[in-house]
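Working notes, structure below.
Bear in mind these aren't lab numbers, they're just calculated from the coordinates by the rules spelled out. What you are looking at is a predicted structure, and each value in this text was computed from that prediction instead of being measured. As a convention, Cβ positions derive from the backbone with ideal geometry for all residues, glycine included, and neighbour counts pool all protein chains shown.
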Amino acid sequence: MKKKSKSLSVKGKPSPARSAKQAARIAVAIMAAGKGTRLKSQLPKVLHEVGGRPLLEHVIRAAIQLVNPANVFAIIGHEAERVRSAVQHTGVQFVLQSEQRGTGHALMVARDALAGYDHVIVLSGDAPLITPTTIRHLKDFHLGECAGMTLLSAELENPSGYGRVLRKRKGSAEVQAIVEEKSASPAQKKVREINSGFYVFDVNELYAHIGDLSTENAHAEYYLTDMASVLRRARQRVVAWKTSTPNEVLGGNTRAELVDIDRKMRMIKCNQLMAEGVTVFYPETCVIDSDVEVAPDTVIEPSVQLLGNTRIGKNCRVRSYTIIRDSRIGDGVTIRPGCIMEDATVGEGAILGPYSHLRPGSEIGEGAHVGNFVETKKIKLGKGSKANHLTYLGDAEIGAGVNIGAGTITCNYDGVHKHKTVIEDDVFIGSDATLVAPVKVGRGSYVGAASCITEDVPQESLAIGRARQVVKEGWARKKRETKSQGKKL
Ligand code: UD1
Ligand code: CA
């Protein structure tokens, strides 16, 4: 028993005394120049999205929690400009690898950028589940071991496709070599300890020996993995630190792997929300982006998507088949099934749906109701106002306590320009009204059903804009009689 706990502490985090070299100048290099041939895509691999953002952005976000973005270098090459502009906002630096001749070559081209640093943490731009905690442990282990190269390894159920870690001896921290799947012997393929593609190098040692890499391998590329045996031959210490969270190292090389990573990321997010007091039913059917915030006691039903910068208050219920992007939802809001929202704001206690479509710029007031098949765009709907059925409200400012009858349409577009409809507090719009903008309906007024309103309506009035009803008594009877006699009416 005693023995066991001792070996555990050796395998775990390094002792504090050993991580004393914190003052070392540390850079992060993220390899992101590859094409991603296995994805069969026009889009460069590192821009494929999981958890609602590009693979590379996840890795960058983890890196910049450890070091300043000025010390993070993304090595880009394939579709470099596209990749650069997608992640530029993070503030990281870029190194161009115009020809992609392998992961070893990626580090060769970063030589000038990394001059002046003591150690470089190397991350793979296609492995987005990595956490700052794991990277920090790897770095501390490297510094504690005084190694020339430290690699992060993991034990996987299915190691196929990954490079295998060959230890110097069983149980030793030291590594003999990394062998790529394609060159591995049947016995080596049985090794389940894989190379994650995350490393820390002593910068001086890396560049003193990187010239010894060769392209004599299955892909005719410079493999960074070969630095393990190169540095060993140069009598450098090469060690591996095995993570206890192997999911973090998974790479997205194929569509199936991307989908698998996405699913894992979504589950992590759902579990986080649940730990914070949110109920997520059938979480495996929900798609919730990493930046989404949901307050406690809100219930999310199956098959809901919460995307982008969405924020949802407490005590809400989001029913099935609702998709919300970049929106703010207040406390106690009920969202019935099948609603679609983008860039919308919804006040406390409002009730939406089923099947409401809130397009950008929709501001729904406190306690307001937006119902079945109602589409809104760039509108303000005041406190307690209701638009419950089959309505289009666009470019409109609607006050409080307003009732919008079924089938009401704001005619906001004249074919060239958009115009505004203003409906003041406590107005009642009868069903099937068309409000031809620009137009204003004054406070407390009524608009008769089926009216076409083209002129402003003053306060406290009734506006009717429709043909007067004509009744022709006996007309139907006469029609039937003349028909039976074969005559025209
Ligand atoms: C690599 C490792 C393998 C490890 C696996 C973990 C090598 C030779 N093999 O294999 O041991 O198990 O990662 O995920 O390193 N890249 C460049 N420039 C290049 C080539 C690649 O920047 O010239 C980038 C890619 O965009 C990618 C990363 O490096 O983000 C890794 O390259 P990839 O081709 O995916 O390597 P793997 O075959 O996964
Ligand atoms: Ca990979």
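Observations, loosely collected:
- Peptides 155-163, 175-183 ordered by average Cβ neighbours within 10 Å, highest first: 175-183, 155-163
- Placing unit charges on the Cβ atoms only, positive for Lys and Arg and negative for Asp and Glu, gives the chain a dipole magnitude near 1500 debye about its Cα centre.
- The range 236-338 - convex hull of the alpha-carbon atoms, volume per residue in Å³: 125 Å³
- The largest-to-smallest principal axis extents of the Cα set in the range 231-288 are 56, 28, 12 Å.
- Ranked by how many other beta carbons lie within 10 Å on average, peptides 39-49, 325-335 from highest: 325-335, 39-49
- Among V441, S356, G338 - extreme Cα towards positive end, dipole of the range 337-445, charges at beta-carbon: V441
- Dipole axis of the range 153-254 (+1 Lys, Arg; -1 Asp, Glu on Cβ), positive-most option in L250, S229, G171: G171
- Spin-label pair A115-Q88: with each label point 7 Å from Cα along the Cα-Cβ axis, the two points sit 2.7 nm from one another.
- Calculated P(r) of the range 203-242 - Cα pairs past 12 Å, %: 58 percent
- log₁₀ of I(q)/I(0) at q = 0.16, 0.21, 0.24 Å⁻¹ - the range 97-169, Debye sum with one point per alpha carbon: -0.80, -1.30, -1.43
- Radius of gyration and maximum dimension Dmax of the range 148-268, Cα, Å: 14.8, 44
- Each principal axis of the Cα cloud of the range 106-216 was taken in turn, and the coordinate range along them, longest first, works out to 42, 35, 29 Å.
- Projected area, mean over directions - the range 328-382, Cα convex hull, nm²: 2.8 nm²
- Extension gain, R136 back to Y282 (0.36 nm per residue minus Cα-Cα distance, nm): 49.2 nm
- Note that the range 313-418 shows a convex hull volume over its alpha carbon atoms of 77 Å³ per residue.
- Short to long, the 20 Å bins of the Cα pair-distance histogram for the chain hold 20, 36, 24, 14, 4, 1 percent of all pairs.
- For the peptides 315-321, 273-279, residues were scored by their other Cβ atoms within 10 Å and the scores averaged per peptide; the highest-first order is 315-321, 273-279.
- With N the number of residues in the range 409-489, Rg(Cα) / (2.2 N^0.38 Å) evaluates to 1.66.
- Per the Kirkwood formula applied to alpha carbons, the range 353-489 shows a radius of gyration over Rh ratio, Rg over Rh, of 1.18.
- Cross-link pairs K380/K440; K45/K264; K35/K139; K190/K242 - those with Cα-Cα distance over 23 Å: K35/K139
- Separation of the range 99-131 from the range 434-489 is 74 Å, based on Cα centroids.
- Pair E81, T215: separation of 7 Å Cα→Cβ label points (nm): 2.7 nm
- Semi-axis lengths, largest first, of the ellipsoid equivalent to the range 22-102 are 22, 14, 10 Å, with √(5λ) applied to each eigenvalue of the Cα gyration tensor.
- Antiparallel content of DSSP bridges confined to the chain, in %, to 5: 20 percent
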